[in-house]
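What follows is a short report on a single structure.
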Amino acid sequence: MSVRKIIRMGHPTLRQRAQELPAKDIGGPGLHQLLEDMADTLADSGGIGLAAPQIDVPLRVAIIDMPQGSTRYDSDERIPHTVFINPVITVLDDEEAGYWEGCLSVPGLRGFVQRPQHVRVDYLDQAGVPRQRALSGFSATVIQHEFDHLDGRLYIDHIKTPELLMFEEEWLEYHAAR
Ligand code: NI
């Protein structure tokens, strides 16, 4: 078990474009260790997604773990523990929806963000096998949030007005039912 430190907004790594993971590294001990550490760090954090740059590793790797049967989110489509290597997102249509987002690298805050709601992702799994997956609803938002980290973006970049950014406690008290 190796829980790594999650870097926070202001750390320069969060604002850099991460590098593609070289094909030769897939299946190697370095990637295996990175994925173990990311899984441990995500489980320890209580979050649902983690991108490698958030532990100061500037590679295009992310994991998402939205538990099956969770009642925390209203989406009926969930992403069980999945590793995404060198993912590419394609927006399938112009329908958008908004959700209150939070981020392990921006602790204590929530912001309302609108994003495309139907996307396709092409990626490699941890064995290097090309995969493709279509996602909609909250799952589509989660995956766009995580992959933004690979391009040096944070969810706050998408908030349309500062009034839609707030502390988590006040969000829970006044806005969570929205
Ligand atoms: Ni985040």
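Relative to the longest principal axis of the C-alpha atoms of the chain, give the angle of the C-alpha long axis of helix 138-150, reported between 0 and 90° and rounded to the nearest 10°.
60 degrees
What is segment 12-174's relative contact order, in percent, from Cα pairs under 8 angstrom and six or more apart in sequence?
Details: 298 pairs, mean separation 40.2, N = 163.
Answer for segment 12-174 is 25 percent.
Put +1 on the Cβ of each Lys and Arg and -1 on the Cβ of each Asp and Glu in the chain; which of Thr161, Pro80, Ala52 then has its Cα farthest toward the positive end of the dipole?
Ala52
Summing -39500 (n - 2.57) over the DSSP H runs of n ≥ 4 in the chain and dividing by its residue number, what mean residue ellipticity at 222 nm do you reach, to the nearest 500 deg cm²/dmol? Walk me through the intermediate numbers first.
Values: 3 runs with 37 residues, N = 178.
Calculated mean residue ellipticity at 222 nm is -6500 deg cm²/dmol.
Test of understanding: what is the full-extension gain from Arg15 to Glu168, defined as 0.36 nm times their sequence separation minus their Cα-Cα distance?
Values: separation 153, 0.36 × 153 = 55.08 nm, distance 2.32 nm.
In short, 52.8 nm is gained.
With a 1.4 Å probe and every protein chain left in place, tell me how much accessible area Ile89 has, in Å² to the nearest 10.
Solvent-accessible area, nearest 10 Å²: 60 Å².
Could you order Arg78, Arg4, Arg15, Arg60 so the one with the most accessible surface comes first? Probe is 1.4 Å.
Numbers: Arg78 40, Arg4 80, Arg15 115, Arg60 15 Å².
Listed by decreasing accessible area, they come as Arg15, Arg4, Arg78, Arg60.
Quick one: which residues, 5+ away or cross-chain, put their amide H under 5 Å from the amide H of Met66? H built at 1.01 Å from N.
Counting only residues 5 or more places away or on other chains, the set is Ile79, His81.
Only Lys, Arg, Asp and Glu count, each charged at its Cβ (+1, +1, -1, -1), so figure out the dipole size of the chain about its Cα centre, rounded to 20 debye.
Details: 17 positive and 27 negative charges, 86 e Å.
So the magnitude is around 420 debye.
How far, in degrees from 0 to 90, does helix 29-45 lean away from the longest principal axis of the Cα atoms of the chain, to the nearest 10?
Compared with the principal axis, the helix lies near 20 degrees.
Which residue fluctuates the most in the chain, going by a Gaussian network model with Cα springs under 10 Å, if the choices are Gly47, Gly111, Gly102?
Looking only at Gly47, Gly111, Gly102, the biggest GNM fluctuation is shown by Gly47.
Calculate the spin-label point distance for Glu96 paired with Ser2, positioning each point 7 Å from the Cα along the beta-carbon direction, and give it in nanometres.
Going by the 7 Å Cα→Cβ label model, 4.1 nm.
Once a ≥ b ≥ c are taken as the square roots of the eigenvalues of the Cα gyration tensor of segment 12-174, is the result rounded (a/c under 1.5), prolate (a/b larger than b/c) or oblate (a/b not larger than b/c)?
Working: a/c = 1.62, a/b = 1.43, b/c = 1.13.
Prolate is the answer for segment 12-174, as a/c is 1.5 or above and a/b outweighs b/c.
Modelled label-to-label distance, Asp56 and Ala23, 7 Å Cα→beta-carbon offset: nm?
3.3 nm
The values are calculated or read from the model by the stated rules, or taken from the named source; none is laboratory data. Just so it is clear, the model here is predicted, and its values are computed rather than measured. Quick reminder, even Gly has a Cβ in these numbers, built from the backbone with ideal geometry, and neighbours come from all protein chains shown. The accessibility values were calculated without ligands, DNA or RNA, using every heavy atom of the protein model including side chains. Shrake-Rupley method; radii C 1.70, N 1.55, O 1.52, S 1.80 Å.
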